[in-house]
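Working notes, beginning with the structure itself.
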Amino acid sequence: MAFLEIARLEKSFGPLRVVRDFNLSVEQGEFISLLGPSGCGKTTVLRMVAGFETPDSGAIQIEGRNVVRQRPNARKIGMVFQAYALFPNLTVAQNVGFGLKVAGVPRREAEERVAEMLALIGLPDLGARYPFQLSGGQQQRVALARALAVRPRVLLLDEPLSALDAKIRVSLRTEIRTIQQRLGITTIFVTHDQEEALSMSDRIVVMNGGIAEQVGTPFEIYNQPTTKFVANFVGTISTLVAEVEDPAGGAVRVAGQTIRLPRPVEAPRGGRIGLALRPEALHLGAGDGRDTMLPATIADVQFLGSVIRLQLHTGGTTVALDTFNRPDMPPPRVGEHTQVSFAARDVIVLDS
Amino acid sequence: MAFLEIARLEKSFGPLRVVRDFNLSVEQGEFISLLGPSGCGKTTVLRMVAGFETPDSGAIQIEGRNVVRQRPNARKIGMVFQAYALFPNLTVAQNVGFGLKVAGVPRREAEERVAEMLALIGLPDLGARYPFQLSGGQQQRVALARALAVRPRVLLLDEPLSALDAKIRVSLRTEIRTIQQRLGITTIFVTHDQEEALSMSDRIVVMNGGIAEQVGTPFEIYNQPTTKFVANFVGTISTLVAEVEDPAGGAVRVAGQTIRLPRPVEAPRGGRIGLALRPEALHLGAGDGRDTMLPATIADVQFLGSVIRLQLHTGGTTVALDTFNRPDMPPPRVGEHTQVSFAARDVIVLDS
Amino acid sequence: MRSAKIWSWIAFAAGMLYFFLPLIGMFEFSLRARRGEYSFDAYASVLGDPQFRATFGYSVLMALFTIIFGILLVVPTVFWVRLKLPRWRPVIEFITLLPLVIPPIVIVFGYIRLYNTSSWLPLTGTAMGTNLLLMFGYTMLALPYMYRAVDTGLRTIDVQTLTEAAQSLGAGWITILARLILPNVLVAVLSGAFLTFAIVIGEFVLAALLNRPAFGPYMVWMGANKAYEPAALAVIAFVVTWACMALIQLVTRLSAHTRAQQR
Amino acid sequence: MRSAKIWSWIAFAAGMLYFFLPLIGMFEFSLRARRGEYSFDAYASVLGDPQFRATFGYSVLMALFTIIFGILLVVPTVFWVRLKLPRWRPVIEFITLLPLVIPPIVIVFGYIRLYNTSSWLPLTGTAMGTNLLLMFGYTMLALPYMYRAVDTGLRTIDVQTLTEAAQSLGAGWITILARLILPNVLVAVLSGAFLTFAIVIGEFVLAALLNRPAFGPYMVWMGANKAYEPAALAVIAFVVTWACMALIQLVTRLSAHTRAQQR
């Protein structure tokens, strides 16, 4: 049995079923993200694990014991909130030491642990400050240290980066992941930001309407989405409409060209299916092993920094294409005619 | 003379010089971004153009007339605020029509203009709603329509996207840019988000400490930063330390290899300089025209979606490398030994 | 959640009892003027008393003047402080709290002392002057409530940004005040006005010491000299204030754009 | 900005005059007890009056009891409402506002009616019982201020998230109340307590009609029967309340973590 096992969890608020038949096994030391749009039930799952909500039915087992009936302050679960939630009347050191004091840890030991935690988050000298004297990023790191100081069995992170500026958000996610790996602490991270989930997690649970739509590594979720929702919510996709020529052989026709997909198509001959393509699967001009080439017109150019995202009109629709910036070659201009190529193996076939 | 001409603008708050010797010429129909960290003076420049602050000295000329002494409500300048700033007691249509009513535009004409504006922002049916009934993205679009309804000479955008969610932020920036280009309205956009500035602007003004550090197209700012601050603030750079072998010939030595830069180096033989590299300039393994190859160890892998960002230990430091996701090839693992290559022409040499 | 709900009902019931038991008792008592049966005799007696009508009319008139004076004093002040002098807010707030800590008696003694018939401005010499003085005193008593109400009302909107947005659309100060600020604080102004009304109607000390024919002294005089009428009077006073409050709730509900703030 | 500053000074000066002119006039008058020269005779006479000491002491004592009772009633209620019954906040807030719209006279009449010597609970029969009744009345009068003060205090912190954070760190209800909630609303509680104090000291109607030896009736009696002493009395009352207010400012300044909220 896994370290943290959630089985058949259900929760309704009034007539609204917020979480439905939710199952998840988390191994010790794993970093799991619950990813989904707001209202998908991800935060409710987290709050049930923390004990702030009681499930209508189902079990939450930690180390083999069902904690559903345990009160939140008996579960030994650390939590970091979006709003930092530092105690404003206590200094940074007192905040970090709060859980130790409540647990009756001897003073000297507690002080050592606090110092250790402040060193871990890279703020060893700020113990005497009050929360309002810190920046948002510093406050959130202190909140992390506070949650970790009591050595919880599980760490829950509830959108901890949403309130921060873009630059700090990126640097803090690396930092959180590093600390999590160093301590080897089992972690559940709730977010609506796909980039955060993809970059930090061992596995991602994509949730929609209270249901776990897909569970997998970031690589699996991104490259082999099993539902339309997952494909659309995680990353960008463009969809070319194709006519099925040979369902068993996987042959479809787009803009007058036949593409042979690596697997059979579940649609009748002459039916229409959507071929989904990630922006990095498309290539300007010809490319190694990219067997399909379509004429295209550049509709929009977005210089994003290391990546330039182009929108192209091709095959009766608009597709997004990512290409790396090259200092020796300015980006193409809107209206230019060009060609896009892609490989049949990169096509994601989405069931209606 | 340019459409909007700012010359030798100065502004202090108490002892703090917020804007120093700021100069800028904006052509009619141009989209200019003021980009910089908070406190760099970008918002103060915008507010001086709008008339909410009075410069200590300097001139702001619109269509050849200095407006510094003009009151804000006489300048014919549209403004969109970070906090939407819709009038809560007025409907969407009344909000959009507010400026027309104040200007005494006949009722029928005003109604037509309001309908036209609501169609422009893609919310033709929401005229009767109140602001609190709209989402953040919708509110900001209404604010844009309101600012544009009076046909201002200049449109000022003060971090209009900061308060929005990631997904809406990205879609709205495309929409704003499209509307701006369709109307051909001269626009100044203030932001601290480099991606927004890079993707939307005709030209970017990078500001730091009240000074305009560099003015140029996104491509120039990103690929030819003139100062260390610009190179660091816009995009990501990694710096390899090199020893100068032949200053005139541009030959420097990194990790036992000689690299011939395309231009002379301004440092004595034996001196140390920093070679800055963008993450997309580095390539895993050998690459076309990438003449320098260094051994490297993978330190961190961040799956970001279409791009995978690797951190590698090489040449005595850590460098960031961007590579596109490939569904047929999982990302490398931490600890793997590999090689990185780059082209000498992609190196940015930063003066100390 | 279940037990929390039950507790909330118990708390609610206790609160109701705490406030309404005295009222109910008094109402019951006010009906007993006729021996052996319930009747509205006491009410008839009160409403028929010309003194009641005179004092109540006087107090209502004073309340209206006080409200108008208070609005003219407070709304522009709060707007200006929020817009241009945000640093001064604590000071202004402190000043508006002073009336709570200066007992009305002190204010009256001060007024009598300053404006008596032998002073440089003998306001107490004429009835009109004394009325004016009384209104100033009432305004002072009501200031904390009026100020807080309007300040809270303005807090729900971002005064500075809205003003700047309106300015950039070409609006001047009068347009901004009339079309943006006032509509957005209307409910707040009404609730401040209502509190002022309640205070003026029930006030005793100022009116008594300035010797004006107001409703408060009349109530006290009735309380000391009659049996059933004071109870009827109290019920009437309560109904009047309650009606005002209901009216405000109604106005609040009717103005669509304030619904968002109530959620 | 320049002109705005000048205007703010003028407004400030006007406000000061409005409030302090009566005070200054009264202070000047209170010094004139001895013919032809300024003296503190009136103060000596007041402070030497055993009645002054008795009534003032009584009112201070009543104020303290009222404050303690009010805190015990309000702080847990506000905490619980914010934590578990956020939807009930408007209702509770409405209830706490009722005392402002029910004139004190109504409350007293109701009390006298309900608890008179021939009722089921003859509180007015004994001095102790009447004191208790008076304290309930004072608590009611002070409730709007106490509730608002504590509610505003709790508004500056995110009660729910802080409570959950403390719970996840292993803290129980008592620890949460004692170590988190109380320290964060201390200043608010003090300011509420202070307002309560000021109200109780200056209150006239309740004490007079319940016939208790409080300071308010004493002041009114003095005002009606003496010349210079009332002015001295008013100045003393003002100084006492003022001192309390300064004390609160001091406490606020001294607690480091509240500084952030003041900015």
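The values are calculated or read from the model by the stated rules, or taken from the named source; none is laboratory data. Please read all numbers here as calculations on a predicted model, not as lab measurements. Every residue, glycine as well, gets a Cβ built from its backbone with ideal geometry; the counts of neighbours run over all protein chains shown.
Key figures
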{"quantity": "Check on A:Arg69, more than 14 Å from chain D (Cβ to nearest Cβ) and either over 25 Å from A:Arg182 (Cβ atoms) or surrounded by 15 or more Cβ atoms within 10 Å (Cβ to Cβ) (or both)", "calculated": "yes"}
{"quantity": "Single residue of B:Arg146, B:Arg69, B:Arg108 found to be without any contact (Cβ under 8 Å) to a residue 12 or more places away in the chain and either under 30 Å from B:Pro55 (Cα atoms) or among the aromatic types (Phe, Trp, Tyr) (or both)", "calculated": "B:Arg69"}
{"quantity": "Search result, residues across the range A:174-209 that are more than 20 Å from A:Ser25 (Cβ to Cβ), under 10 Å from the mean Cα position of the chain (by Cα) and at the interface with chain B (Cβ under 9 Å from one of its Cβ atoms)", "calculated": "A:His192, A:Asp193, A:Gln194, A:Glu195, A:Leu198, A:Ser199"}
{"quantity": "Qualifying residues in the range C:130-140 (those that are within 12 Å of another protein chain (Cβ to nearest Cβ) and farther than 14 Å from C:Ile95 by Cβ) - the one surrounded by the fewest Cβ atoms within 10 Å (Cβ to Cβ)", "calculated": "C:Phe136"}
{"quantity": "Residues that are touching a residue at least 12 places away in the same chain (Cβ under 8 Å), more than 11 Å from chain C (Cβ to nearest Cβ) and among the aliphatic types (A, V, I, L, M), drawn from the range D:65-92", "calculated": "D:Ile67, D:Ile71, D:Val74, D:Val75, D:Val78"}
{"quantity": "Some residue of the range A:209-225 being part of a strand (DSSP E or B), buried (at least 24 other Cβ atoms within 10 Å of the Cβ), in contact with a Lys or Arg (Cβ under 6 Å, 6 or more places away or on another chain) and not assigned by TED's automatic domain parsing to the domain that holds A:Pro279", "calculated": "no"}
{"quantity": "Residue match in the range B:78-86 (condition: in the same structural domain as B:Thr44 (by TED's automatic domain parsing), in contact (Cβ under 8 Å) with a residue 12 or more places away in the chain and assigned to a helix (DSSP H, G or I))", "calculated": "no"}
{"quantity": "Residue that is nearest to the chain's Cα centre (by Cα), among those in the range A:317-350 that are of a type in the set (S, T, N, Q) and within 11 Å of A:Leu284 (Cα to Cα)", "calculated": "A:Thr323"}
{"quantity": "Lone qualifier among B:Ala145, B:Ala85 - being hydrophobic (A, V, I, L, M, F, W, C), out of contact with any strand residue (DSSP E or B) (no Cβ under 7 Å at 6 or more places or on another chain) and at pLDDT 95 or above", "calculated": "B:Ala145"}
{"quantity": "Hits in the range D:144-176 - residues which are over 18 Å from A:Ala143 (Cβ atoms) and buried (at least 17 other Cβ atoms within 10 Å of the Cβ)", "calculated": "D:Pro144, D:Tyr145, D:Met146, D:Tyr147, D:Arg148, D:Ala149, D:Val150, D:Asp151, D:Gly153, D:Leu154, D:Thr175"}
{"quantity": "C:Val46 at pLDDT 75 or above, buried (at least 21 other Cβ atoms within 10 Å of the Cβ) and either closer than 24 Å to D:Trp221 by Cα or within 12 Å of another protein chain (Cβ to nearest Cβ) (or both)", "calculated": "no"}
{"quantity": "Some residue of the range A:331-349 being facing chain B (nearest Cβ under 9 Å), of a type in the set (A, V, I, L, M), surrounded by 16 or more Cβ atoms within 10 Å (Cβ to Cβ) and assigned to a strand (DSSP E or B)", "calculated": "yes"}
{"quantity": "Segments classed as helices (runs of 4 or more DSSP H), wholly inside the range C:148-263, with at least 3 members that are at pLDDT 75 or above", "calculated": "C:159-168, C:182-202, C:205-210, C:215-225, C:229-254"}
{"quantity": "Single residue of A:Val68, A:Val49 found to be out of contact with any Ser or Thr (no Cβ under 6 Å at 6 or more places or on another chain) and assigned to a loop (DSSP other than H, G, I, E, B)", "calculated": "A:Val68"}
{"quantity": "The range B:1-58, residues that are within 14 Å of chain C (Cβ to nearest Cβ) and of a type in the set (A, V, I, L, M, F, W, C)", "calculated": "B:Phe13, B:Leu46, B:Met48, B:Val49, B:Ala50, B:Phe52"}
{"quantity": "Every residue from the range A:269-285 that is away from chain B (no Cβ under 14 Å) and over 12 Å from A:Ser238 (Cβ atoms)", "calculated": "A:Arg269, A:Gly270, A:Gly271, A:Arg272, A:Ile273"}
{"quantity": "Number of the exception - D:Thr163 against (1) more than 12 Å from chain C (Cβ to nearest Cβ); (2) under 14 Å from the mean Cα position of the chain (by Cα)", "calculated": "(2)"}
{"quantity": "Residue within the range B:300-316 that is over 25 Å from A:Arg177 (Cα atoms) and among the acidic types (Asp, Glu) present", "calculated": "no"}
{"quantity": "Members of the range B:307-346 that are modelled with pLDDT under 90 and aliphatic (A, V, I, L, M)", "calculated": "B:Met329, B:Ala344"}
{"quantity": "Filtered residues of the range B:312-330 (kept if more than 8 Å from chain A (Cβ to nearest Cβ) and crowded, with 18+ Cβ neighbours inside 10 Å)", "calculated": "B:Leu312, B:Thr314, B:Gly315, B:Val319, B:Ala320, B:Leu321, B:Thr323"}
